[in-house]
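Laboratory data are not the source of any read-out in this text; all were calculated from the coordinates shown. Please read all numbers here as calculations on a predicted model, not as lab measurements. Cβ: placed from backbone, ideal geometry, glycine included. Neighbour counts: every protein chain shown.
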Amino acid sequence: MTPADLPGFFARREDLNAADFIELDYAFECYGDPRLAAAHLCSEQSTAQWHRVGIDEDYRPRFGAKVLDLQVEGRRPAPSYATGATTGAGAGEVSVCRVTIAHPHGNFGPRIPNLLSAVVGEGVFFVPGIPLIKLLDLRMPDGFLSAFPGPRFGIAGIRDLLGVHDRPIFFGVIKPNIGLPPEPFAELAYEGWLGGLDVAKDDEMLADAPWCPLAQRSAQLGAARRRAETVTGVTKCYMANVTDEVDRLIELHDLAVANGANMLLINALPVGLSAVRMLSRHTRVPLVGHFPMIAALSRLPGYGIHTRVITKLQRLAGLDAIVMPGFGGRMGMDEAEVLESVAACVDPMGGLAPSLPIPGGSDWAGTLEGVYRRVGSVDFGFIPGRGVFGHPMGPTGGAASLRQAWEAIAQGVSIDEYAQTHPELSAAIAAFGGRG
């Protein structure tokens, strides 16, 4: 890359047809001229080695990614931290930069694996002279988004299924995370449903395990769910974890749903977003994604992929609800970043339905109000584990404490005051340490 190559990788937004491009925001640190580094970033993710020797050709006008905006925010004596990346020779000071790039989506089409190969692939993380880079955001035009059905149920469909329209959706993670034999496992879920849980779910760690096979577990939980619906008079959901090898996903979906699972869990990144998209096309029940691998991709502040990008891609793949690292110290996530992921679930995104955001991490009745105030609406899922299944009065008491905490919030009463006449909430406060 030389200064003479720069004009082919820079453009003004008004000179481009916005419908043909995905916009990408990156933060990066680079040695040398930031303009050359940004141009090299464009080249590597689109038209690397864009002409053959001795032949007059230039693929940049049609296929080249273009820098729309480049901001140099300062300089540092060395990269923020070492990653071991072998991104070409470099030593001494680095420039700290933000760049917005327009990438022609015709290069890869409406295919998530090919999109990822372009915008977070070799051509991004192995650019010579850029030791640190992070994809902060992406914006996709409506025409591109129209090729993706997105969530089949979304927030509205989940609410219609449960008949719950004026409060958060209450989930409970059945513990221990690795599971129990099917019968006691189902009994825990049944007790939680009686106390007021909307959804009892498998932990993301529990799949088709030999000590708790999905066939027997889903049959037991399906029967327990129907019993709970008869007793309570309201719809309940059992969320079965079908995470597995890709070639088993349809089989496990059909098995679990036939046995009475009316919501499914999948670890979206381990199985792959393309696999999620396939299952979303097939599913007859809401599909919920969990967040294994997200911290590995996103946690370093200047390297990897921001969680809001991962959330947008999960919504694009068709997840009806998205479990994400939530508030508080347990998940090690900055509050602003959690809110950005919540927004990625619900903000307008072409014609895609919003996904239900489910921020989680060591929640119980005392943390409910804090989550509600931060999210700013009732359109979220609340997903305790020990707050329900580790409650001193058992899962029924734990689930009841969530409902009572919400009643206090809705009435404008402190949970401490409300607990004086509600023993389940009082026991939760005593067990889990005050208001979170």
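Scanning residues 5 or more positions from Thr243 or on other chains, those with amide H under 5 Å from its amide H are Asn267, with H placed 1.01 Å from N in the peptide plane. Helical runs (DSSP H, four residues minimum) scored at -39500 (n - 2.57) apiece and divided by the length of the chain put the mean residue ellipticity at 222 nm at -11000 deg cm²/dmol.
The Cα atoms of the stretch 311-361 define a convex hull whose projected area, averaged across directions, is 3.1 nm². Between Asn114 and Asp56, the contour length at 0.36 nm per residue exceeds the Cα-Cα span by 18.1 nm. Between the residues Ala65, Thr232, Gly366, the greatest Cα displacement towards the positive end of the dipole of the chain, with unit charges on the Cβ of Lys, Arg, Asp and Glu, is found for Thr232. Simple rule: put +1 on each Lys or Arg Cβ and -1 on each Asp or Glu Cβ in the chain, find the dipole, and look at Ala118, Ala102, Ser280; the Cα lying farthest toward the positive end is Ser280. Where does the longest stretch of the chain lie that holds no GluC sites (Glu not before Pro) found in a DSSP loop with 14 or fewer other Cβ atoms within 10 Å? No qualifying site falls inside 246-436, the longest such stretch. For the pair Asp69 and Arg299, a Förster radius of 25 Å applied to the C-beta separation gives a FRET efficiency near 0.40, rounded to the nearest 0.05. Quick one: net charge around Pro213, please, counting Lys, Arg +1 and Asp, Glu -1 for every other residue with C-beta under 14 Å from its C-beta. Taking every Cβ under 14 Å from that of Pro213, the sum is -3. Sorting Trp193, Trp406, Trp364 from the fewest to the most surrounding beta carbons within 10 angstrom yields Trp406, Trp364, Trp193. Taken about its Cα centre, the chain carries a charge dipole of roughly 260 debye when the Cβ of each Lys and Arg holds +1 and the Cβ of each Asp and Glu holds -1. Cross-link pairs exceeding 20 Å between alpha carbons, from the set Lys175/Lys312; Lys66/Lys312; Lys201/Lys236: Lys175/Lys312; Lys66/Lys312.
Test of understanding: ordering Ser377, Ser46, Ser362 by Cβ neighbours within 10 Å, fewest first, what list do you get?
Ranked by crowding around the Cβ, least crowded first: Ser377, Ser362, Ser46.
Once both labels are positioned 7 Å from their Cα atoms along Cα-to-Cβ, the gap between Glu187 and Asp142 label points is 5.6 nm.
When DSSP beta bridges are restricted to pairs lying wholly in the stretch 154-432, around 5% turn out antiparallel.
Here the Gaussian network model covers the chain, with springs between Cα atoms less than 10 Å apart; of Leu41, Leu300, Leu402, Leu300 fluctuates the most. Exposure proxy shown here: for Asp198, Asp56, the number of other Cβ atoms within 10 Å sets the order, fewest to most, as Asp56, Asp198. Contact order for the chain, expressed relative to its length and based on alpha carbon pairs under 8 Å spaced 6+ residues apart, stands at 15 percent. Taking the Cα centre of the stretch 3-145 as origin and assigning +1 to Lys and Arg Cβ atoms and -1 to Asp and Glu Cβ atoms, the resulting dipole is close to 180 debye. Taking 0.36 nm per residue of separation and subtracting the current Cα-Cα distance, fully stretching the chain between His165 and Val246 would add 25.7 nm. Ordering Ala4, Val127, Gly143 by the projection of their Cα atoms onto the charge dipole of the stretch 3-145, which places +1 on the Cβ of Lys and Arg and -1 on the Cβ of Asp and Glu, puts Val127 at the extreme positive end. Among residues other than Arg159 with Cβ under 15 Å from its Cβ, the summed charge is -2 (Lys and Arg +1, Asp and Glu -1). Using only the alpha-carbon atoms, how far is helix 214-232 inclined from the longest principal axis of the chain? Give it as 0 to 90 degrees, nearest 10. The helix 214-232 is inclined about 60 degrees to the chain.
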